[in-house]
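See below for the structure under consideration.
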There are 2 protein chains.
Amino acid sequence: MQTSSGPAARRTAYERLRDLVLTDPAIQGTFLTEGDLVKRFGLSRTPIREALIMLASDGLVDLIPHRGAYIRPSDDREIRETMEVRQMIELDTARQILDSGETPVAVMDDLYRQQVELPVSPDTIPDFISLDQRFHASMVDAAGNRVLSDIYTRLRVKHVRFGISATWTSADRPTQVLDEHSRILEALKSGDYDATAAAIREHIAQTQNLLLSR
Amino acid sequence: MQTSSGPAARRTAYERLRDLVLTDPAIQGTFLTEGDLVKRFGLSRTPIREALIMLASDGLVDLIPHRGAYIRPSDDREIRETMEVRQMIELDTARQILDSGETPVAVMDDLYRQQVELPVSPDTIPDFISLDQRFHASMVDAAGNRVLSDIYTRLRVKHVRFGISATWTSADRPTQVLDEHSRILEALKSGDYDATAAAIREHIAQTQNLLLSR
DNA sequence: CTAAGGTGGGTTGTATGCAAACTTCGTCAG
DNA sequence: CTGACGAAGTTTGCATACAACCCACCTTAG
């Protein structure tokens, strides 16, 4: 995933383009041309081209010469593969955290509490998603491996493309997620790797099922 | 890691720039300006700028506004973190391969044989490195997870930046690597995960030690 | 009717001009 | 001697012009 610093126009183009790809299901499977984006964003081709190149590096679009940027729809295979990698990383992280003996879960605890206190309503779904993302990211960060954290961040971007937000619209999903997060936290605090691993597997399996059944 | 397809000038700029960053230790810690590269490559700024953006996405350079592209020297921490992630991926892959019951090591076998038959000389070091890279990549590919394979490919690029080629100049290193690869292969064929994991850990530990002691 | 060939429209690829921003270095006051 | 200040030079950021290329459509010969 790209950092968000840098020049203004390119940054704007990158962020708007990313949000477009990630949040508009209608453009999946279509080609975006630079001309379209010039009209849509009111920027010149240069920053748009450069943003497209960054998006392509993130794996969010495919640049087809003389055709445009293809927004590849996510398929079940990619979802399964991504979830497999995510599980591998989270399980490995849990192992490292528990082996280190320190179990630094203060940040996760705080994020969990914030999520508990969040009222359940359509308006708060983005907040739920943000806290969810930060909850998991903080666990991986706790392992203290920046290379791993970067990879994990890139993976999370894919979740959005997979339509993760739709999985939160079900009325009981927030409660369920909180419960699953709680189990992960408690298992970590107890220092029990097998219980932690089971909780993580369960959480990811639930997410994957929801993503695949859309 | 970027794919190598696409337009000619940008592709040229990307590949030459990548090779420059990966093979010239003298430019580590320096800034490359677009003007330098225009003179060096004989291309206009546009393809060079776009190649720099791709390199930055690969994590090989840092783009500093109005300063240039900083070639960050690799440090011990990054080497250790990369090796940790590499080990996580290879161990997970081994587990998946063995769990699948198929153990498709034909490609690895072939690559191993080619490496055995390679004469040991300074001229063949690039071939050793290429076969080594393909040996490990084919193991990860055998897991059949494209998302994982992509991540692994990106990681391997870092190895080059870490100066992996220098680890092959020692007279007995090729023999040692062949021995370690042989142990991994045999363990995989025997279906013994613990033995496979031990062989992989040993191989990565040896590599890491050589990289750190440079 | 079919297939081959050409032509036009549209899209990206590359080069370049200009503006803005930053760095650097010299100068000067304290 | 040190630090602030300013001006010049350098570098990137953005815009735009033109070239190259691809594709789709139409025409035409068989």
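The values are calculated or read from the model by the stated rules, or taken from the named source; none is laboratory data. Keep in mind it's a predicted model, so treat the numbers as computed, not measured. Cβ sites come from the backbone with ideal geometry, for glycine too, and all protein chains shown count toward neighbours. Surface areas here come from the heavy atoms of the whole protein model, side chains and all, with no ligands, DNA or RNA. Shrake-Rupley method; radii C 1.70, N 1.55, O 1.52, S 1.80 Å.
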- Which condition breaks for A:LEU60 when tested against (1) more than 10 Å from chain B (Cβ to nearest Cβ); (2) assigned to a loop (DSSP other than H, G, I, E, B); (3) of a type outside the set (Lys, Arg); (4) surrounded by fewer than 20 Cβ atoms within 10 Å (Cβ to Cβ)? (4)
- Among what's in the range B:120-158 and is over 30 Å from B:GLU102 (Cα atoms) and touching a helix residue (DSSP H, G or I) at 6+ places or on another chain (Cβ under 9 Å), pick the residue that is nearest to the other protein chains (Cβ to nearest Cβ). B:LYS158
- Note on the structure: Turns out the helices (runs of 4 or more DSSP H) fully within the range B:87-176 with at least 3 residues that are charged (D, E, K, R) and open to solvent by less than 40 Å² (accessible area, probe 1.4 Å) are B:146-161
- Query: Do we find a residue being among the charged types (D, E, K, R) and more than 10 Å from DNA strand D (Cβ to nearest atom) anywhere in the range B:42-54?
  - Reply: yes
- Query: Could we say that B:SER130 is in the same structural domain as B:MET88 (by TED's automatic domain parsing) and more than 22 Å from B:ALA205 (Cα to Cα) here?
  - Reply: no
- Message: Restricting to the range B:25-37, give me the number of residues that are at pLDDT 95 or above, among the β-branched types (Val, Ile, Thr) and in a helix (DSSP H, G or I).
- Response: 0
- Message: Out of everything in the range A:43-53 that is within 16 Å of B:ILE48 (Cβ to Cβ) and open to solvent by less than 20 Å² (accessible area, probe 1.4 Å), what residue ends up being farthest from DNA strand C (Cβ to nearest atom)?
- Response: A:GLU50
- Note on the structure: Scanning the range B:63-99 residue by residue, the ones that are basic (Lys, Arg) and within 16 Å of DNA strand C (Cβ to nearest atom) total 1
- Message: Please go through the range A:63-86 and give me each residue that is out of contact with any Pro (no Cβ under 9 Å at 6 or more places or on another chain), without any contact (Cβ under 8 Å) to a residue 40 or more places away in the chain and not in a strand (DSSP E or B), ordered by number.
- Response: A:HIS66, A:ARG67, A:ASP75, A:ARG77, A:GLU81, A:GLU84
- Message: Go through the range B:49-106 and report how many residues are of a type in the set (A, V, I, L, M, F, W, C) and either over 30 Å from B:ILE184 (Cβ atoms) or touching a strand residue (DSSP E or B) at 6+ places or on another chain (Cβ under 6 Å) (or both).
- Response: 11
- Query: Filter the range A:99-117 for residues that are under 20 Å from the mean Cα position of the chain (by Cα) and without any contact (Cβ under 8 Å) to a residue 24 or more places away in the chain; which is farthest from the other protein chains (Cβ to nearest Cβ)?
  - Reply: A:GLN114
- Message: Regarding the range B:2-14, can at least one residue be identified that is part of a helix (DSSP H, G or I) and either more than 14 Å from every other protein chain (Cβ to nearest Cβ) or loosely packed, with under 13 Cβ neighbours inside 10 Å (or both)?
- Response: yes
- Query: Looking only at the range A:75-98, which residues are more than 9 Å from chain B (Cβ to nearest Cβ) and in contact with a Lys or Arg (Cβ under 7 Å, 6 or more places away or on another chain)?
  - Reply: A:GLN87
- Query: Name the pairs: first residue in the range B:184-213 and not assigned by TED's automatic domain parsing to the domain that holds B:VAL160, second residue among the acidic types (Asp, Glu) and not in a helix (DSSP H, G or I), Cβ to Cβ under 6 Å, at least 6 apart or on different chains?
  - Reply: none
- Looking only at the range A:63-74, which residues are within 10 Å of another protein chain (Cβ to nearest Cβ) and either in contact with a helix residue (DSSP H, G or I) (Cβ under 6 Å, 6 or more places away or on another chain) or of a type in the set (A, V, I, L, M, F, W, C) (or both)? A:LEU63, A:ILE64
